[in-house]
Amino acid sequence: MNVYLAEFIGTALMILLGNGVVANVVLQGTKGNNGGWITITTAWALAVFVGVVVAGPYSGAHLNPIVTLGLAIGKGFDWSLVPFYILSQLAGAMTGALLVWLMYKDHFDATADQGLKAAPFATAPAIRNNVSNLVSEIIGTFVLIFVIFYFTDASMGTKENVTPIGLGSMGAIPVAFLVWVIGLALGGTTGYAINPTRDLGPRIIHAIIPMKGKGSSGWDYAWIPIVGPIIGSVLAAVIFLLISK
């Protein structure tokens with residue numbers, strides 16, 4: 001499988017299952033309505049597991065631009081691959097979000113609250129404070145990338161020219177546990193986007209789908225789950241490089 005197709009499919013599956021559990025928990029009339037935060041964080045961890053298992057053997061299963069960025073800075077991932085990895089991830093996130101909407105369309109229609117309609121697409125803070133919201137995304141992302149550096153073992157190339165590419169299928173279990181604990185411990189403030197395309201791709205879908213009474217797509221907040229993860233990833237990569245010399 002082509003590495004970009006692997007990133008697309010892996011990200012689409014991750015978003016379908018991750019955003020799908022949010023829809024199942026918050027939308028009216030679903031079997032999982034009011035399932036709670038532990039249900040969401042657990043399913044999100046398993047969604048990451050599924051995406052990594054599928055994409056890992058081919059692309060390293062980044063499924064997240066800040067993983068791609070962090071590995072390029074801290075592990076020598078080929079910078080020429082970065083733009084198309086990110087575009088593949090964005091397209092996958094948009095596709096996964098569209099499938100969630102199609103799957104739960106009747107329940108979106110049955111839900112009156114605009115915030116609940118938006119929740120399966122994009123993150124939003126529990127308390128709006130741009131500074132603390134940004135810090136939350138920075139810290140959560142820092143933990144994600146810094147820990148990932150310690151179990152990235154997938155590579156491509158010859159013995160003479162090896163490029164670390166990411167998690168590999170063996171990284172599926174530890175990264176699932178990592179995402180799970182980040183959600184449980186650090187996710188209560190902003191919904192732990194820790195992934196720009198996980199937030200941006202579905203937010204774009206929310207903006208363009210013809211959903212009655214959907215309300216705002218929250219573009220005034222959208223920069224935080226992009227900028228915060230980028231800062232967190234860069235900090236994690238730089239500190240990893242400094243302490244691993």
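Each residue of the stretch 102-118 was assigned a 3J(HN,Hα) from its phi angle through the Karplus curve 6.51 cos²θ - 1.76 cosθ + 1.60 (θ = phi - 60°); the sequence is 5, 5, 10, 3, 4, 7, 4, 5, 7, 9, 8, 5, 5, x, 5, 5, 7 Hz, with glycine and proline shown as x. Neighbours of Pro196 by Cβ distance under 12 Å: Lys/Arg scored +1, Asp/Glu scored -1, total 0. Between Val82 and Met103, the distance separating the two model label sites (each 7 Å from Cα on the Cα→Cβ line) works out to 3.3 nm. With all pairs of different C-alpha atoms in the average, the Kirkwood value for the hydrodynamic radius of the chain is 17.7 Å. Centroid-to-centroid, using Cα positions, the stretch 229-245 and the stretch 178-214 are 24 Å apart.
Annotation: lysines with alpha-carbon distance below 26 angstrom to Lys245 (same-chain offsets under eight excluded): Lys75, Lys159. Given in Å, the Rg to one decimal and the Dmax to the nearest whole number for the Cα atoms of the stretch 1-80 are 15.0, 48. Mean separation of Cα pairs under 8 Å and 6 or more residues apart, divided by the residue count, gives the chain a relative contact order of 30 percent.
Put +1 on the Cβ of every Lys and Arg and -1 on every Asp and Glu Cβ in the chain; which of Leu81, Ile231, Thr41 then has its Cα farthest towards the positive end of the dipole? Going by the Cα projections, it comes out as Thr41.
Residues in the stretch 67-75 carry Karplus couplings, in order, of 5, 4, 5, x, 5, 5, 6, x, 10 Hz; the curve used is 6.51 cos²θ - 1.76 cosθ + 1.60 with θ = phi - 60°, and Gly or Pro positions show x.
Straight-line cross-link reach from Lys105 at under 30 Å between alpha-carbon atoms covers these lysines, not counting any fewer than eight positions away in the same chain: Lys31, Lys117, Lys212, Lys214. The angle between the Cα long axis of helix 37-59 and the main principal axis of the chain comes to about 40°, on a 0 to 90 degree scale.
For the stretch 85-147, the list of trypsin sites (Lys or Arg not before Pro) that fall in a loop by DSSP and count at most 14 other C-beta atoms within 10 angstrom reads Arg128.
Subtract the Cα-Cα distance of Leu242 and Val181 from 0.36 nm times their separation in residues, and report this length gain in nm to one decimal.
Gain on stretching Leu242 to Val181: 19.4 nm.
A full extension of the chain between Ser132 and Trp223 corresponds to an added length of 31.4 nm, given 0.36 nm per residue minus the alpha carbon distance. Principal-axis analysis of the Cα atoms of the chain puts helix 196-208 at an angle of about 30° to the longest axis. Rounded to the nearest 20 debye, the dipole magnitude of the chain is 200 debye, with +1 charges on Lys and Arg beta carbons, -1 on Asp and Glu beta carbons, and the Cα centre as origin.
Net charge in the neighbourhood of Thr111 (other residues with Cβ under 14 Å of its Cβ; Lys, Arg +1, Asp, Glu -1) is +1.
For the options Gly92, Gly218, Gly232, a Gaussian network treatment of the chain with springs between C-alpha atoms closer than 10 Å singles out Gly218 as fluctuating the most.
Since every read-out is calculated from the coordinates, none of them should be taken as a lab result. This structure is a prediction, so every number in the text was calculated from the model and none was measured. Cβ sites come from the backbone with ideal geometry, for glycine too, and all protein chains shown count toward neighbours.
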